[in-house]
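The next block holds one structure in the form of structure tokens; read it before the comments.
The values are calculated or read from the model by the stated rules, or taken from the named source; none is laboratory data. Since we're looking at a predicted model, the values are computed, not measured. All Cβ positions, even for glycine, are placed from backbone atoms using ideal geometry, and neighbour counts span all protein chains on display.
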Amino acid sequence: MELIVCIKRVPQTAEAEVKIDDSGKDIVKDRLTFDMNEADSYALEEAILLKEKFGGAITAVSLGTAEAEDTLRIALAKGADNAIRIKAEEFGELDGYKTAMIIKEAIKDLKFDAIFTGCMATDDSYYQVGPVLAETLGVPHATLVSKIELTDKKVHVNRELEGGLIEHLEMSLPAVFAVQTGINEPRYASLIAIRRAAAKEIKVLGKDDIASEPKLNSTLEELFVPPVGKRAEFLTGTADEVSARTAEIIKEKGLI
Amino acid sequence: MGLIEMSSEQKLIKSEVKKFTNAELEPIASDIEKDCRLPSEILKKLAQMGLFGLTIPEKYGGSGLDASSLSIALEEFSKSCASLGLILVVNNCIVANLLTRYGSPQIKEEYLKRISQGGIGGYGLYSDTEIAGKTNALIAEKDNLHFSGRIDLVLNGGAADFCIIPVKSERGIVLHLVNRDAAGINYVPVETMGMRSAGITSLEFQGVKLGTESCLVGEDGGLEAIQRAHDFAHIGYAAIALGLTEASLEASIKYAKERRQFGRAICEFPMIQDILAEIKICIEKSRLLVHDAAHRFDKEEGYGMIVRIACLTSCGGAVSAALKAIQIHGGYGYTKDYPVERYFRDAKSIQLLGESPVDLRAKIAKELLV
């Protein structure tokens, strides 16, 4: 099987203090650590499991700056065979659509049976790369994938819906799968594999290698921390004063 | 560019070990320490990552990495769990080092491969300091092939598949290799102040046969072999201590930002800021020394003194930083609700497991006065 996995290097913000930078359109990243987007690591593991079962090769692709090559090397150490970095620094502002279109241009000549992406990136949460890739490549896709089983060129896929529901689909290959976290247990890269991956060549593509530069579908206007709403009012005073004010509030809200 | 420039490979190792420790170790570090246990599922994953045989040559199934890479992994690892850092030091710096350097082809083939696949090697700490006429090495009885006695401190004894032990002979020290299931040996857990998950034991011998077939290093080379392995181990101890100091700083910053006194977070008080700065200075100083020591060890260029300086600085710094962290936490720092008391106990243990600070300083002075 020929498999492609899209990987994004993202800042780890779950437990860090996040501050907005002076441009008002990005966060201060100086003291943040970066790693493979969480859902992408599950997507990669799913591809590795399929490769281990059915053979073939995995190509990991990332649209990112030079540092993203470290993330691609971890993918190589875990089980990817080839890696491609597309120089994000040459494409200016990115949104979900433009990111997907650039990746599509970079991989459109590669033979593939399946493309794996994470269902979302933890930094911008656009949820777009998987579906846009599939639509523009003209192949089916499934999002929020929580299980994949392959039999005779048919794929049985579970999708995780709200309310604890699971949707079971039958699909044919080639297809795009936007994988949900928790679908498997991503492995750690072994040190010997890291050593070997550190010496592997990563193919780097720039603007000149992409036929035409895709346009943005949306423009980021502003990042902001939502104002904290007034959640509780403490009433003070004598019992009469407090009860009078309580009655007033109930009337104001139109409850009586 | 700073003085320490990690290679791409080392950055990846650091990042992957960090990911492992954050996800797998940090959540259970306090519990396993309280229970003095070694979770087998963690050991299995560590073995799969190749950490047990990090410095073992690739032809024996190891990762073939050097002391510098080991230090980076240990520093990261020990921020969460210094006990397991100690296990890796003993496996790599002492046991694998002695086996690689002195083992016969058959011994290397068997024991190095065992470690690479997840085996743990124990090491009976040798000390020539006599306490009430007793040294921490077996002493031959009349029948010079059968030994009885006790080794007080065996590192990795709790989970060791085999053990390297010092045996005192008339002309020196012989290092023997004994399998865990050998007749007449008994591992006895030792209650320790820190490093409680590291499986430190003592080892009792009752008529155990130790002949030429179990001999790893003969009496002519025993002491030199021990010194060389201890030098490497001291780099590991220093790296563990560095990780502990970083953990103390992280815990202190987190607490000082959360804890409010007199209407503001205590991190706003100059005295607290002064302590935080002191710990940070200690980290940077120790890191430079640890990496320099590891680099020189890898290049085999006059590393003895710098290893001792690194160990003294980093281990002493870890003890001091943990005490400062406890102080910042106030009464809470004394409780097991916060990890800083564990950092102190582990730091004090790592300071004492190697050569004592007095001995290290004496060796530095001796070298200065040649």
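Of B:Val190, B:Val174, B:Val178, which residue is among the β-branched types (Val, Ile, Thr), over 18 Å from B:Ala322 (Cβ atoms), surrounded by fewer than 18 Cβ atoms within 10 Å (Cβ to Cβ) and not assigned by TED's automatic domain parsing to the domain that holds B:Ile306? Spell out how you get there, then give the answer.
Numbers: B:Val174 fails: surrounded by fewer than 18 Cβ atoms within 10 Å (Cβ to Cβ); B:Val178 fails: surrounded by fewer than 18 Cβ atoms within 10 Å (Cβ to Cβ).
One residue alone meets the criteria, B:Val190.
Scan segment A:76-94 for residues that are in a loop (DSSP other than H, G, I, E, B) and on the phi < 0 side of the Ramachandran plot and report the count.
Here is the first cut: in segment A:76-94, the ones in a loop (DSSP other than H, G, I, E, B) are A:79-81, A:91-94.
Remaining after also requiring on the phi < 0 side of the Ramachandran plot: A:80-81, A:91, A:93-94.
Residues in segment A:76-94 being in a loop (DSSP other than H, G, I, E, B) and on the phi < 0 side of the Ramachandran plot: 5 in total.
Under the condition of being outside any helix (DSSP H, G or I) and within 16 Å of B:Ala159 (Cα to Cα), which residue from segment B:19-50 is nearest to the other protein chains (Cβ to nearest Cβ)? Before you say what the answer is, go through the steps one by one.
Applying the first criterion (outside any helix (DSSP H, G or I)) to segment B:19-50 yields B:26-28, B:36-39, B:50.
Going one step further and asking which of them are within 16 Å of B:Ala159 (Cα to Cα), we end up with B:36-39.
Working: B:Cys36: 26, B:Arg37: 22, B:Leu38: 18, B:Pro39: 16 Å.
Of everything passing the filter in segment B:19-50, B:Pro39 is nearest to the other protein chains (Cβ to nearest Cβ).
Identify the residue in segment A:44-79 that is aliphatic (A, V, I, L, M) and out of contact with any helix residue (DSSP H, G or I) (no Cβ under 9 Å at 6 or more places or on another chain) and, among all such residues, is nearest to the other protein chains (Cβ to nearest Cβ).
In this case the residue turns out to be A:Leu49.
Mind checking which residues of segment B:271-288 are out of contact with any helix residue (DSSP H, G or I) (no Cβ under 8 Å at 6 or more places or on another chain) and surrounded by fewer than 15 Cβ atoms within 10 Å (Cβ to Cβ)?
Going through segment B:271-288, the residues out of contact with any helix residue (DSSP H, G or I) (no Cβ under 8 Å at 6 or more places or on another chain) turn out to be B:271, B:274, B:277, B:281, B:284, B:288.
If the condition is that a residue be out of contact with any helix residue (DSSP H, G or I) (no Cβ under 8 Å at 6 or more places or on another chain) and surrounded by fewer than 15 Cβ atoms within 10 Å (Cβ to Cβ), then B:Met271, B:Asp274, B:Ala277, B:Ile281, B:Glu284 are the ones that fit.
Run down A:Ala178, A:Ala198, A:Ala239, A:Ala244 and say which single residue is hydrophobic (A, V, I, L, M, F, W, C) and within 14 Å of another protein chain (Cβ to nearest Cβ). Walk me through how you get there before you give the answer.
Numbers: A:Ala178 fails: within 14 Å of another protein chain (Cβ to nearest Cβ); A:Ala239 fails: within 14 Å of another protein chain (Cβ to nearest Cβ); A:Ala244 fails: within 14 Å of another protein chain (Cβ to nearest Cβ).
Testing whether each residue is hydrophobic (A, V, I, L, M, F, W, C) and within 14 Å of another protein chain (Cβ to nearest Cβ) leaves just A:Ala198.
Only one of (1) surrounded by fewer than 20 Cβ atoms within 10 Å (Cβ to Cβ); (2) under 26 Å from A:Lys147 (Cβ atoms); (3) touching a residue at least 40 places away in the same chain (Cβ under 8 Å); (4) in contact with a strand residue (DSSP E or B) (Cβ under 9 Å, 6 or more places away or on another chain) is not met by A:Lys87, so which one is it?
Tallying (1) surrounded by fewer than 20 Cβ atoms within 10 Å (Cβ to Cβ); (2) under 26 Å from A:Lys147 (Cβ atoms); (3) touching a residue at least 40 places away in the same chain (Cβ under 8 Å); (4) in contact with a strand residue (DSSP E or B) (Cβ under 9 Å, 6 or more places away or on another chain), A:Lys87 fails exactly one: (2).
Name the residue, out of B:Glu58, B:Glu16, that is among the acidic types (Asp, Glu), within 9 Å of chain A (Cβ to nearest Cβ) and in contact with a Phe, Trp or Tyr (Cβ under 7 Å, 6 or more places away or on another chain). Let's see the steps before the verdict.
On the way: B:Glu58 fails: in contact with a Phe, Trp or Tyr (Cβ under 7 Å, 6 or more places away or on another chain).
From the options B:Glu58, B:Glu16, the qualifying one is B:Glu16.
Out of the residues in segment A:181-195 that are in contact (Cβ under 8 Å) with a residue 12 or more places away in the chain and among the β-branched types (Val, Ile, Thr), which is nearest to the other protein chains (Cβ to nearest Cβ)?
A:Ile194
Is it the case that segment A:159-174 has a residue that's crowded, with 18+ Cβ neighbours inside 10 Å and in contact with a Leu (Cβ under 7 Å, 6 or more places away or on another chain)?
yes
Would it be correct to say that B:Leu244 is of a type in the set (A, V, I, L, M, F, W, C) and closer than 23 Å to B:Ser7 by Cα?
On the way: of a type in the set (A, V, I, L, M, F, W, C): yes; closer than 23 Å to B:Ser7 by Cα: no.
No, not satisfied.
Kindly establish whether B:Asp346 is of a type in the set (Asp, Glu), more than 22 Å from B:Glu5 (Cβ to Cβ) and touching a residue at least 60 places away in the same chain (Cβ under 8 Å).
Working: of a type in the set (Asp, Glu): yes; more than 22 Å from B:Glu5 (Cβ to Cβ): yes; touching a residue at least 60 places away in the same chain (Cβ under 8 Å): yes.
Against the criterion (of a type in the set (Asp, Glu), more than 22 Å from B:Glu5 (Cβ to Cβ) and touching a residue at least 60 places away in the same chain (Cβ under 8 Å)), B:Asp346 qualifies.
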